[in-house]
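The values are calculated or read from the model by the stated rules, or taken from the named source; none is laboratory data. Since we're looking at a predicted model, the values are computed, not measured. Note: ideal-geometry Cβ built from the backbone for every residue, glycine included; neighbour counts use all protein chains shown.
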Amino acid sequence: MSYRSGHHTEYHHNHDHGRQSARHPVGNAPATPQPAQNGYTLVHAGKQVRFGPVAFWIVIGSVTALGMWSAATATYFAFRDDVLTRLIARQAEMQYAYEDRIAELRAKVDRTTSRQLLDQEQFDQKLEQVMRRQTTLESRATALGAIPDMQATGSIRAPSRGAAATDPAAAGIPKPSPISDTAVFVAPPDREARLESRAPIVINPPPNKFAKIQGVDNVIVRLQTSLDRVEGRQLAALSSVEDGMESRVRRMRGVFSDLGLDIAQLEAATPRAGMGGPFVAVKLGADAGPFERQLYRINVTRAQVERLNRTLALVPYRKPVIGEVEFTSGFGVRSDPFLGRPAMHTGLDFRAATGDPVRATANGKVVSSGWAGGYGRMVEIDHGNGLSTRYGHLSEIGVKVGDSIKIGQVIGAVGSTGRSTGPHLHYETRIDGEAVDPQKFLRAGVRLSAG
């Protein structure tokens, strides 16, 4: 077996080497004897390279396998070009997936940013609502605080001596006397606490299932709950004031009905203080809420109470002396203390000590001051509209004819002058000059002060 090339390269098998060399000399190469060994010789340009049979076949097998692999690969790529397409598509798919992921992350960041901006905007809106609501509640508290405690004009109170806490009137507790000194409208002791909302104390509210456990939302919910409590207290206080004023108006009008007095005539005759100014009608806005409408009703009722108070200041329904009431003689027919015969007693006799102060029971003007027969030292006060009161048996007189008198003003001192058997105050109430039972007026005062 041999292979020839242009360069006279030869491969010789050892078994035929001697014989072939003798018959076919190659080129100029001299025939040389070859040893009789197994193997293959590569001759090129006069050079020989000998391979063993194993190595030779390994080389031949490798070259053959490489050629076959190259042919197979070429054939595969020639007939299966979609593999490359798939590879490109796979690469493109990976790139698109990466870009989609980047876009998704970017969108998530944008959503997070937008949510934060929205949360901030919502928080600002909620906070603004809370601030507006607190401002409204503060203005309401101011309006509630401006509502005065309506009292009957000219209340007669006992002078404070020593510890004021022992005085039932000062403590806001009605006296146990069956006939009170005056009609006093006492505000509930916790009124100021109910109206206080300018600096509300945030009370821990019950857990709100709609509030977050932590964070700003929880704080906003707590603030709103606290404001709800304040608003509830304000509405309760407003309702209490309205109910109290309406009840007061009914009682005040009841006094005139009980006494048979013409309220319109008395109001027309009531003297007015120095007041004036242009008339500006009170109007409710179209957006007025329940609080504003209720406050408007209260202001209207308050104006009525003030007008009735000025009128009642001319009605003698108070006591002329301070302290527990004890009558030594009532109004009507009695046995005369000097003659022992039936006689008409035109007033009430109040038991008192000599020198105790005697006070006017209504506003008016002194029309008589001095000695008056069986009255002894006596003061008569005209209250207008035919109403007048007399104070007899005084030991001292502190006013003169023509003096203007205010409710509770001291006009003299208890004594026993005139037709009297001992120190006491003889007190009369007259309508158009006719004596009427003073207890009728005193009972009206008790009813007025019962609320």
Contact list, first residue from the stretch 342-363 and free of Cβ contacts under 8 Å to residues at least 24 places away in the same chain and assigned by TED's automatic domain parsing to the domain that holds E380, second anywhere and among the hydrophobic types (A, V, I, L, M, F, W, C) and not in a loop (DSSP other than H, G, I, E, B), beta-carbon distance below 9 Å, six or more apart or interchain, is P342/V333; A343/V333; M344/V333; M344/A435; H345/V333
Filtered residues of the stretch 245-288 (kept if outside any helix (DSSP H, G or I) and surrounded by 10 or more Cβ atoms within 10 Å (Cβ to Cβ)): L261, D262, T270, P271, L284, A288
Looking only at residues that are out of contact with any Ser or Thr (no Cβ under 8 Å at 6 or more places or on another chain) and within 18 Å of A360 (Cβ to Cβ) in the stretch 440-449, which one is modelled with the lowest pLDDT? L448
Selected residue [surrounded by fewer than 20 Cβ atoms within 10 Å (Cβ to Cβ), more than 28 Å from L259 (Cα to Cα), out of contact with any Leu (no Cβ under 6 Å at 6 or more places or on another chain) and in contact (Cβ under 8 Å) with a residue 40 or more places away in the chain] from R419, R443: R419
In the set T301, T328, the lone residue that is of a type in the set (S, T, N, Q) and part of a helix (DSSP H, G or I) is T301
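Kindly evaluate R447 against the criterion of being assigned by TED's automatic domain parsing to the domain that holds D356, outside any loop (DSSP other than H, G, I, E, B) and in contact with a Lys or Arg (Cβ under 9 Å, 6 or more places away or on another chain).
no
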Mind checking whether some residue in the stretch 303-322 is without any contact (Cβ under 8 Å) to a residue 12 or more places away in the chain and closer than 27 Å to R250 by Cα? yes
Please work out which residue is surrounded by the fewest Cβ atoms within 10 Å (Cβ to Cβ), limiting yourself to the stretch 357-414 and to residues that are over 16 Å from P320 (Cα atoms) and of a type in the set (S, T, N, Q). S404
Consider V282 against the criteria (1) modelled with pLDDT under 85; (2) under 24 Å from T270 (Cα atoms): it satisfies all of them except one. Which criterion is unmet? (2)
Every pair of residues 6+ apart whose Cβ atoms lie under 7 Å, when the first sits in the stretch 384-403 and is in the same structural domain as D262 (by TED's automatic domain parsing) and within 12 Å of L425 (Cα to Cα) while the second is surrounded by fewer than 20 Cβ atoms within 10 Å (Cβ to Cβ) and at pLDDT below 95: none
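For every residue, the table says whether it meets (1) surrounded by 10 or more Cβ atoms within 10 Å (Cβ to Cβ); (2) modelled with pLDDT of 80 or more; (3) polar (S, T, N, Q).
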{"site": "P25", "(1), (2), (3)": "yes, no, no"}
{"site": "Q37", "(1), (2), (3)": "yes, no, yes"}
{"site": "V54", "(1), (2), (3)": "no, yes, no"}
{"site": "R106", "(1), (2), (3)": "yes, yes, no"}
Only one of V315, V333, V366 is modelled with pLDDT of 95 or more and not in a helix (DSSP H, G or I); which? V366
Does E242 meet the test of being modelled with pLDDT under 80 and either under 27 Å from the mean Cα position of the chain (by Cα) or in a helix (DSSP H, G or I) (or both)? no
